[in-house]
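Novice: Dropping a structure here in structure tokens format, bear with me for questions.
No lab work stands behind these numbers, since they all come straight from the coordinates. Note that the structure is a prediction, hence the values are computed from the model and not measured. Here the Cβ positions follow ideal geometry from the backbone for every residue, glycine too, while neighbour counts run over all protein chains shown.
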């Protein structure tokens, strides 16, 4: 029984990954182009999410600031999930739904990109941050779960995963995020002469 369950996990993950590669190939290219354009214009990327999505936000920011596979110029990406003093002071003094929007207010500039991750698509703090970013003139991108959730209605560009299983959604988000980071990185690798 355990072997069958494990095999089922892998089959479902593989199916969702392949679906994303077919359905969202052009979308991922567009997201990468928007982030490249932002960086070339002197802007920055602000990435955020809760729980596992918070760790993915940090992971994607690290891929861009440091490297995915090749050292090249460092790219300005900031995970809004890392400063425990800001997160806890905003959560305590205002509300947990403000922990990302308050940082967008402080750090976001017109022309920047805000990238929110939410497997449910209903995280109030991610939705509020996306709304704050749009009002400030940032391009908004989200990665979320099954279409029809609240976040899809708020972001400029949205990648959805046709599942309600948090782990499977996060696996697709990881692969899709790596794809975006790889496309961005490839653009900034100097050509050898």
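Novice: Explain nothing, just the number: relative contact order of the chain, from Cα pairs under 8 Å at least 6 residues apart, as a whole percent.
Specialist: Relative contact order here is 24 percent.
Novice: Mean residue ellipticity at 222 nm from the helices of the chain, using -39,500 (n - 2.57) per DSSP H segment of n ≥ 4 over the full residue count, to the nearest 500 deg cm²/dmol?
Specialist: Helix-only estimate at 222 nm: -17500 deg cm²/dmol.
Novice: Can you tell me the relative contact order of segment 1-98? Whole percent, Cα pairs under 8 Å, sequence separation 6 or more.
Specialist: RCO, segment 1-98: 20 percent.
Novice: Let me ask something else. Can you pull the one-decimal nm distance between simple spin-label points at residue 109 and residue 67, each 7 Å off the Cα toward Cβ?
Specialist: About 2.8 nm, to one decimal.
Novice: If you rank 181, 25 by fewest surrounding Cβ atoms within 10 Å, what's the result?
Specialist: Lowest to highest Cβ neighbour count: 25, 181.
Novice: Next question, about the same structure. Would you mind computing, in nm to one decimal, how far apart the modelled labels at residue 187 and residue 153 are, each placed 7 Å from Cα along Cα→Cβ?
Specialist: 3.1
Novice: Between residue 96 and residue 33, 0.36 nm times their residue separation minus their Cα-Cα distance comes to what?
Specialist: Residue separation times 0.36 nm, minus the Cα-Cα distance, leaves 19.5 nm.
Novice: Next question, about the same structure. Return the distance in nm (one decimal) between the two label points of a simple spin-label model at residue 23 and residue 165, each offset 7 Å from Cα along Cα→Cβ.
Specialist: Placing both labels 7 Å along Cα→Cβ, they lie 1.5 nm apart.
Novice: Also: First check a/c for segment 81-130, with a ≥ b ≥ c the square roots of the eigenvalues of its C-alpha gyration tensor; if it is under 1.5, answer rounded, and if not, answer prolate when a/b is larger than b/c or oblate otherwise.
Specialist: It comes out oblate by the Cα gyration axes.
Novice: Counting only Cα atoms, I'd like the Rg/Rh figure for segment 12-100, Kirkwood definition for Rh.
Specialist: Radius of gyration relative to Kirkwood radius: 1.05.
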